[in-house]
1. Ignoring ligands, DNA and RNA, what percent of the 1.4 Å accessible area of the range 207-253 is carbon and sulfur?
2. Heavy atoms only, probe 1.4 Å: what % of the accessible area of the range 1-148 goes to carbon and sulfur, would you let me know?
3. By the scheme Lys and Arg +1, Asp and Glu -1, what is the net charge of all other residues having a beta-carbon under 15 Å from that of ARG40?
4. Once whole DSSP H runs in the chain are found, which of them have Cα atoms spread over 27 Å or more along the helix axis and a mean Kyte-Doolittle score of at least 0.5?
5. Rounded, prolate or oblate for the range 101-253? Axes are the square roots of the Cα gyration tensor eigenvalues, ordered a ≥ b ≥ c, and the cut-off for rounded is a/c under 1.5.
6. Farthest toward the dipole's positive end in the chain, which of THR130, HIS44, THR218, given Cβ charges of +1 (Lys, Arg) and -1 (Asp, Glu) about the Cα centre?
7. For the range 64-103, what does the equivalent ellipsoid look like in terms of its semi-axes, each the square root of 5 times an eigenvalue of the Cα gyration tensor, given largest first in whole Å?
8. Dimensions of the range 96-136 along principal axes (Cα, Å, largest first)?
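The values are calculated or read from the model by the stated rules, or taken from the named source; none is laboratory data. Computed from a prediction, not measured in an experiment: that's the story for all the values here. Heads up, the Cβs are rebuilt from the backbone with ideal geometry, glycines too, and the neighbour counts pull from every protein chain shown. These area figures cover heavy atoms from the full protein model, side chains too; ligands, DNA and RNA do not enter into them. Shrake-Rupley method; radii C 1.70, N 1.55, O 1.52, S 1.80 Å.
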Amino acid sequence: MNSQLYSKLPADLDLLRLPQHVAVIMDGNGRWATSRGLPRIAGHRQGARTLKELLRCCKDWGIKALTAYAFSTENWQRPIEEVDFLMLLFERLLHRELAQMHREEVRISFIGDLSALPKSLQTQMERSMTQTSNNQGIHFTVAVNYGSRNEIARACRQVAELVQRGELNAEEVNEKLVEQHLYTTSTPEPDLLIRTSGEMRLSNFLLWQMAYAEMYFTDIFWPDFDRAAFHQALLNYQGRDRRFGQVKSTLSA
Ligand code: IPE
Ligand code: IPE
Ligand code: MG
């Protein structure tokens, strides 16, 4: 491993025990804004800056994958103005940041039912995924109109169709096969989940994939989640004993 490359990593973090894949539930944008007397959308705007910084930080510190929950299947129930603003924000951000992310070797993926999103946003998303598909710097996945139950039901439907067409025997359905029909197929599962704003729930995020993720909850609102806060989360993670059902930890082995 090239330690020169990750020279920015804080000295108290162990390079060899970093999570390979970090997932974040970016929560608290609205409360961050309200507590400052600002409209909720100001929180989303600031939250986007925080995400950009976190992506850069992950890359600097040698973390291979970052997945961010940006919009859930349940978030459609918010006021139409907020939903419209978020869709516009995603599109504007993608348009503005794509070239630089590509230069920085970021591979971008979007997961969720993208077909329900505005057409122009879908086009931007497709373009960014195609353009960056061979990049090796960091794998950045954004979950938009994502819901885990929806994802699992969709996988079941696809598998059932294979059986119905006689291309698969029911006995051949196993965990590996189900995984192949999830949006995240061929992406290693998250090692660490971070949720901000003090809420301690998964809100329908990566339920299958996080069967063994370490979870870290902080009261900090997402827009304030900076490098120092991420550093704390990683220190906490490195203190965990990941046993995966065994007696001995696999990290300290
Ligand atoms: C998370 O912040 C962003 C999205 C869900 C899009 P919230 O908008 O949920 O902020 P709070 O929870 O209302 O403070
Ligand atoms: C979860 O946050 C979804 C995203 C961060 C995109 P919410 O704020 O929507 O979750 P709940 O409603 O508090 O569970
Ligand atoms: Mg919230």
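1. Details: 1400 of 2620 Å².
Carbon-and-sulfur percentage of accessible area, whole number: 54.
2. Working: 3760 of 7210 Å².
The computed percentage sits at 52.
3. Details: positive: ARG31, ARG36, ARG45, ARG78; negative: ASP27, GLU81, GLU82, ASP84.
Charge balance near ARG40 sits at 0.
4. Values: long enough: 40-61 (31 Å, -0.79); 80-103 (35 Å, 0.07).
Span-like helices, by this rule, are absent here.
5. Working: a/c = 1.82, a/b = 1.22, b/c = 1.50.
The shape class here is oblate.
6. HIS44
7. On the way: eigenvalues 114, 43, 4 Å².
In descending order, the three semi-axes are 24, 15, 4 Å.
8. Between the extreme Cα coordinates on each principal axis of the range 96-136 lie 30, 18, 11 Å.
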